[in-house]
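What follows is calculated from the coordinates using simple rules that are stated; it is not laboratory data. These numbers come from a predicted model, not from an experiment. A quick note on method: Cβ atoms are made from the backbone with ideal geometry, for glycine too, and the neighbour counts reach across all protein chains shown.
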Amino acid sequence: MTTLTLEKVAELAGVSRSTVSRVVNGQTGVKADVRERVMSIISQTGYQPNMAARALASNRSGIIGVVIPHALSTLFADPYFPRLLQGITQASNANDLTLTLFLFHTEQEEEKIHARLLTAGFLDGVLIASSHFSDPLFPHLIDYEMPFVVVGRQDRYPQASFVDVDNFNGGYAATSHLLRLGYRRVAHITGPQNMVAGVDRLAGYRQALSDRGRAFDPDLVAEGDFTEAGGYVAMQRLLSARPDALFAASDQLALGAWRAIREVGLRVPGDVAIVGFDDLLPSGTTRPRLTTIRQPVQRSGVEAVNLLLDIIENGLMPPRRVILDTQLVIRESCGAVAL
């Protein structure tokens, strides 16, 4: 079989090679009828452009990196990351992009990965998922003028473009819901306080208390790490403060807290009502079912890729910011729905 070339497509369409090249690369300056004729020939012949040649011509590789700054054990234990990667993959496939996933076990591996990101020269841009405030990668990316998007707000680096969910209003809605139901001692297991999600959800909790004339009680707050084990340990500390309700900053934290509550003979929601955050657990994971704040994780991945493409195409500045809404999903664990 003869390999179809750009020149052959041009001959069949009755146009110049440069015209076909502009059509293939999505460039302007081609009349609509000519573009339609070229696309028709491409469709009929099944022509596939030489991706290496396209990369040289456009100075792009069509490859983007995804960095997840967590140990591998966290990645596969937390349902958040598979859902986020699903959205990233969906948008990448739609835009004919190839993904390179950067993972690590140790800080030493992380340093090596950072060096590869910046010096390899084959990436068009980088997505960073669930980063900490002090992530050392940001200043390097900024210095190298590498296009990048963070999943999670970054106040420390105003140059950073990001996609985030409205963590503050999510925390506010969860806490307000429990207070409206009449609970008096609403506890909170926070996310890590070196991550924007943990900080913002705690801020929403505190604002909801304030707006309803409730004093903030530090004895009703314990820091977690978004894991089930972290929720279990945090709830063990909180039980001595005798909470009648709990807002957990993730569903995994809620599961761990639930286990600690059961171990001392208490019931959910009869003794302690629970609201989580994420809505990523499979249906039926808990009995009664978990009330939670739904965040659009898959959509966050899609939006992050689209934002990165915009930066690659149009430049780093100004920074782009996308905030997605959250939603309170009421089920039985808060006591608002009959069991």
Review point. If you rank Val126, Val337 by fewest surrounding Cβ atoms within 10 Å, what's the result?
Key: Val337, Val126
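Given just the C-alpha atoms of segment 211-312, how large is their convex hull per residue in cubic angstrom?
Spread over its residues, the Cα hull of segment 211-312 gives 139 Å³ apiece.
Among Asp135, Asp251, which comes first, second and so on when ranked by fewest other beta-carbon atoms within 10 Å?
Numbers: Asp135 23, Asp251 26.
Starting with the residue having the fewest Cβ neighbours, the order is Asp135, Asp251.
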Revision key, fill the gap. From fewest to most C-beta neighbours within 10 Å, the residues Arg201, Arg212, Arg320 line up as Arg212, Arg320, Arg201
Check your understanding: How far is the Cα center of segment 134-201 from the Cα center of segment 257-305, in Å?
Key -> 18
